[in-house]
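Just so it is clear, none of the values below were taken in a lab; they were calculated from the coordinates. Keep in mind that what you see is a predicted model, and the values were worked out from it rather than measured. Because the Cβ atoms are built from the backbone with ideal geometry, glycine has one as well, and the counts that use them run over all protein chains shown.
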Amino acid sequence: GMLRGKVVYLNVFLSFRIREDGKDSIPEHPYLYETDVEISLVGSSCKSPVERFWNGNGAVYILQKATHNEESNSMEESGTDGAVYASEVLPKESPGALPLSVGRAKQLISLYTMVQNPNMTYLGISDLVVLPPLWARCDASDAQHTCWIGAEPLKAGNKVTGLNIYMVSCDGPTADKTRFANLEELKMEHKIRHHSSVVTTRGFARYELIAAAAVEDTLAESGGSISVDITWNGVEKILETPPLISAATLNIALESGDPRSPVFHLYQELQFLLALAEGLKTGVTEWPEPSEAESALKLVQEFLTDLKKKLDGDCIFGNKNETEKIKCDTAAVDSCIKSIFAERGDLDFTEQLWCKMKSKCVSSYQELIDCFTLVIKSLECGEIQPWIHQGSSSFLSQLIQQSYHGKMEDVSLSDITPIQMLLELGLEKMKKDYVSFFIGQELATVNYLDYFISTAVDLQEQVHHVQKLHHMLEIMVSCTGLLQFRHENLFPLTQICMKYYKENPLNEKHVFQLPIRPALVKKFYQNDNPEVWKVEISSGHGQKEVKTTWQVSTNAPVEHGTSNNSGFLCDSTVNGSSEERLYFIAMTQCSQVHFT
């Protein structure tokens, strides 16, 4: 009777959770089951805590030890239905995940197995739902150091025919290779355990590339990582270097703004643009500290005087001044990258004006008004007739076009007008910079870039699009500088980035993935230790397929503390050599329970 009550209660509890939380949402809080277990349903759109050990997808239940909560009283006795609704919701600020004892986890897995078994008709469970898989965190208190136990229903249509039970054990970190498994022994154990005569092996390795390349110091640890994931069939020995006929994927996550980047000057320019956009939004603009260099007003004055002289015909410099480039003091970078991103030589009047007024130059709202007042006066008097790009649509460009005909509208340089005018100049100039890079390098067509440079959206959205362009540029420059990528690799990468950014907001933490040939990056990892190395031994087909996985990783495979953690750092100083990588070891074994 007691067991029947427990099984029925767990079934009602879990089924209710699904209806309550929906398939893809995450409950705000884990729910308390009995007095000691927290259960949460982790949706398929979230990062799963068991993704390293299980490659299924969809929602999963995660069970862990309840963080002690005074008010929670056991609903064990209160009748099943009432129990679910009275279920205490735990406070949100719980400390890190706490594991259950291995014994308690096994007990819960047995109950879950009974709940899912259609033959248990005497339990009277009428509405049998196929539940999501269930994984319990364990404290490694047994001889195998079990850190997770999982159960996954096997289905035929909507009927459960059995379960896959997973046991994950962990060890380390250690630099002692004698503690590593032997591949032949692993295969033999798998054959005996699963009564199979034939097994196949599949390897997986992940290497950090940016660390290897950062030695050249073009781009050090700047909030980013470039790694490569490699998979191959037919593993010959533990920790082998992947063969060249493997499938590889490059993972790129990069944050903009590394001072050593060859496009850092553009990043700074973008920061000024963002400050102006913020000023438009909030009414408060953060002006840069005035620099010791000349003031913007003086620069604009000289610039206008030069143009005036040209118009008066007493210009003896030929047209050298016209395209005088605004040089940026970037560090002496690899000439290959420098040539890719030289300052454009076709800056028009409004772009040159922006360069005089950007960053470190305009240091107050008043100075901004003074600069624009000078320009507008010169235009009104016809002292200058500046050249502007065709299609330029900023307010200042419209005034310039009116000045060609000697009729200009009155401008009141008050309120946010001057800030908006400057922001428009910067937006037009920077869009042209990025477009000239992507088109010049033949990485995109004008049509493809249209979304990023469209003026059909409001100014704030245009600024957001320019930030996306900058992030993509930083990725291309890093892959060129660090990994010596050529056009045939940059082109598909550009397409991947652009597709993502046409559908998503700016996200510098996003990992862009590019399928590549391992040979392309082999020199960066061939003498290096992998971050993760894994072998998967499998036999059987379809639902009968079973796997044994053995893996090492440089970071802990589980985030909940386990009781053998104290031993985790015991032999970290083997040979005192820094060459020896410390590895955590994790092994996943699987067994099947069949109901039919």
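Send over the per residue convex hull volume for the range 453-550, Cα only, as a whole number of Å³.
Working: hull volume 17.3 nm³, N = 98.
Considering the Cα atoms of the range 453-550, their hull volume per residue is 177 Å³.
Here are some pairs, LYS298/LYS429; LYS356/LYS509; LYS237/LYS499; which of them have Cα atoms lying more than 29 Å apart in this structure? LYS356/LYS509; LYS237/LYS499, as the Cα separations exceed 29 Å there.
Extension gain HIS487-ASN158, at 0.36 nm per residue separation less the Cα-Cα distance, in nm?
That works out to 113.5 nm of additional length.
Extension gain for the segment GLN385 to ASP346, taken as residue separation times 0.36 nm less the Cα-Cα distance, is 12.4 nm to one decimal. Taking label positions 7 Å along the Cα-Cβ direction at both LEU244 and ASP142, the computed distance is 4.6 nm, reported to one decimal.
What's the extension gain from VAL130 to TYR365 if we count 0.36 nm per residue and subtract their Cα-Cα distance? Don't jump to the answer; show the numbers that get you there.
Numbers: separation 235, 0.36 × 235 = 84.60 nm, distance 6.52 nm.
Gain on extension, VAL130 to TYR365, equals 78.1 nm.
Relative to the 2.2 N^0.38 Å rule of thumb, the range 244-301 has a C-alpha radius of gyration ratio of 1.85. Relative protection proxy for 161-169, 281-289, 459-467, 235-243, from highest mean packing down: 161-169, 459-467, 235-243, 281-289 (other beta-carbon atoms within 10 angstrom). Computed from the C-alpha gyration tensor, the three semi-axes of the ellipsoid equivalent to the range 414-484 are 27, 13, 10 Å, from longest to shortest. A prolate overall shape is assigned to the range 351-465, the ratio a/c of its alpha-carbon gyration tensor axes (a ≥ b ≥ c) being 1.5 or greater and a/b exceeding b/c. Model label points for ASP176 and HIS510, set 7 angstrom from Cα along the Cα-to-Cβ axis, are 4.7 nm apart.
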